[in-house]
Amino acid sequence: MYKLRPYQADAVRSVIHYFRQHDDPAVIVLPTGAGKSLVIAELARLAKGRVLVLAHVKELVEQNHQKYEGYGLTGSVFSAGLGRKETGEQVIFASVQSVVRHLAQFTNEFSLLIIDECHRVPDKKDSSYQKVISHLREKNPNLKVLGLTATPYRLGLGWIYQYHTRGQVRSTTPRFFRDCIFELPIHFLLDENFLTPANIVDAPVLSYDFSQIHPMPTGSYKASDLDMVISDAQRVTPQIIHQIVGQSEEKQGVMIFAATVRHAQEIHALLPSSSAIITGETPQAERDDIIQRFKQKQLKYLVNVSVLTTGFDAPHVDLIAILRPTESVSLYQQIVGRGLRLAPGKQECLVLDYAGNRYDLEQPEVGEAKPSQDCEIVTIPCPACGFNNNFWGKLDSQGILIEHYGRRCQGYFTDEETHEREICGYRFRAKYCHECGADNDIAARICHECQATLVDPDKKLKEALNLKDALVFECHHMEMMIHKDSQNRSQIKVTYQGDKQAQVHEFWSVITKKQKSVFHQRFVRPHLADKHRPFHEQSAQKIVASQHRFRFPLFVIACKTGRFWKIRDKIFADELTQLPEDIALKHRE
């Protein structure tokens, strides 16, 4: 009988509490080494109906089954790789490949489906996982689906769930897993000594320079690009392997993560005889034999290419060598996590990074690529909903924020009566439509409301600077007042002022319904500072009295019309992708 650690018990309670109120698929996130198998075993033990526990590899099927039977209970195993196809017990541990080929044998109703390494579950209906889920839901429409993973962020897709129950939006588009209901940060396990400390050494002298290549849209690198970098540094690999061997004299197990198959083969040829290599092309029987010998310490060095980042458990590993670029914080943590499990006689895990990854082991996944090496995670409160967002940003030497790269607030509201969710959606950076005033993502080319073509603000500003008849100035002040037209009707006069007595005006009539609509779209929407508060004022007098709620643009672009300057464009600070001080303005008289 196992005794759960406090955080494992909390994870179990969060699942029970959630499924008492919801039927939507949910995720719990536990780092490598947190003991997902024990959480699975406890949930399977407590479940009232039949339970199916799925995994993608036989090693995880066997591991989860063993932990469950450690309670003195009996569970069935359905896995061709393990040579067993049993369905008689209340709890079945199975590989997804075996189940999808024999759905006819799963005719009973299941109350709970648990998916280990659930970041592998695609949204495609014709995938093995989705076929199994659809089959089980035909038998029980109220089937509860729980996923467990250490990496809830998948390259090419993004976050595998839509909402985090702490009030955070991860995806504006629906995901199969709706909610993340429990997440444990890796630093907690390190601080509480539930994991072996990592001694991370960056090797800038002996290293590959992958900085000139970039990931594909799917998030991964082209093998040809990686091989090109490695071949350009032919003398580096032998020196790196010599150093790894030297550092591993007193180590028990060494895992080396190579960039490509060709790279792995080169590394393997340079290692002592007590080494082996596993790639995606390695036959299953040979792979099983290599892993078994490595776990028994008959092999000391194990080289792999993207196949042992998950579902691999060898606690004695105490040296990790990273010779490949990692595309995300999650992947980096998965790789390092292979060496963080506790083991007898193990004091630390030495991590040698030869690829310049520069990730912080304890930092959370942001979900965006790191803009530059001098960026770090900063917390930015949303002025609309108050949610604390984690974005990439830059701090000065005093720790004061210089800039951040967040685009949109990640918070959401839940209606207390209907329990429906509304995404906050506040944009920290936006591109404003000149037709309807809607704020769009800074990368958008078409307005999401009126379908008007959007022009890049940086480009717009640079082009205006090259016009001979344009007045371009940085706006320092904006004033609104009542102005009487030639027929003595009230208008709103807006004056924009800059350096060297630069000054232009614009006039707005708000008498008719159409005029009020145009004013709201083209002035109120882009100028309103507190966008989370609706603006309802309709009369010119009340609008002018509320001018404290409007912000002035960063730049004003005007063209000469007769004797007067007429505003052609206004650019706001949150539209620019460059810092204002980086844009060289040539003020014109």
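Points to keep in mind about this one:
- Between helix 261-270 and the chain: long-axis angle, C-alpha atoms, 0 to 90°, nearest 10: 50
- Exposure rank, largest accessible area first [178, 137; 1.4 Å]: 137, 178
- Only aspartates and glutamates eight or more places from residue 144 in sequence, or on another chain, were considered; those with a Cα closer than 14 Å are 23, 24, 109, 179.
- Evaluated over segment 194-353, the count of Lys pairs having alpha-carbon atoms less than 23 Å apart is 7 (only pairs 8 or more residues apart or interchain).
- Note on segment 22-139: lysine pairs with Cα distance below 19 Å, sequence gap of 8 or more or different chains, count 10.
- Heavy-atom surface of segment 155-260, accessible at 1.4 Å and reported per residue (Å²): 50
- Neighbourhood net charge (11 Å Cβ-Cβ; Lys/Arg +1, Asp/Glu -1) for residue 277: -2
- Helix-derived mean residue ellipticity, 222 nm - over the chain, DSSP H n ≥ 4, -39500 (n - 2.57), to 500: -7000 deg cm²/dmol
- Ligands, DNA and RNA left out, the 1.4 Å accessible surface of the chain is 47% carbon and sulfur atoms.
- C-alpha long axis of helix 36-46 to longest principal axis of the chain, angle in °: 80
- Relative to the dominant Cα principal axis of the chain, helix 6-21 is inclined by about 60°.
- The chain: Cys lacking any partner C-beta under 4.7 angstrom: 118, 180, 349, 375, 475, 559
- Over all other residues within a Cβ to Cβ distance under 13 Å of residue 62, the charged ones net out to -1, with Lys and Arg as +1 and Asp and Glu as -1.
- Loop-located GluC sites (Glu not before Pro) in segment 7-90, at most 11 other Cβ atoms within 10 Å (DSSP): none
- Separation of segment 74-124 and segment 143-164, taken as the distance between their Cα centroids, equals 20 angstrom.
- Normalised contact order of segment 194-353, rounded percent, pairs of Cα under 8 Å and 6 or more residues apart: 33
- Equivalent-ellipsoid semi-axes of segment 495-550, from the Cα gyration tensor, Å, largest first: 21, 15, 10
- Percent antiparallel among DSSP beta bridges (both partners in the chain, rounded to 5): 50
- Residue ranking by accessible heavy-atom surface, 1.4 Å probe, largest first, among 468, 67, 300 comes out as 468, 67, 300.
- Heavy atoms of residue 266: accessible area, 1.4 Å probe, square angstrom to 10: 70
- Solvent-accessible heavy-atom area per residue, rounded to whole Å², over segment 454-571 at 1.4 Å: 58
The values are calculated or read from the model by the stated rules, or taken from the named source; none is laboratory data. Small disclaimer: the values here were computed from a predicted structure and weren't measured. As a convention, Cβ positions derive from the backbone with ideal geometry for all residues, glycine included, and neighbour counts pool all protein chains shown. What goes into the accessible areas is simple: the full protein's heavy atoms, side chains included, and nothing from ligands, DNA or RNA. Shrake-Rupley method; radii C 1.70, N 1.55, O 1.52, S 1.80 Å.
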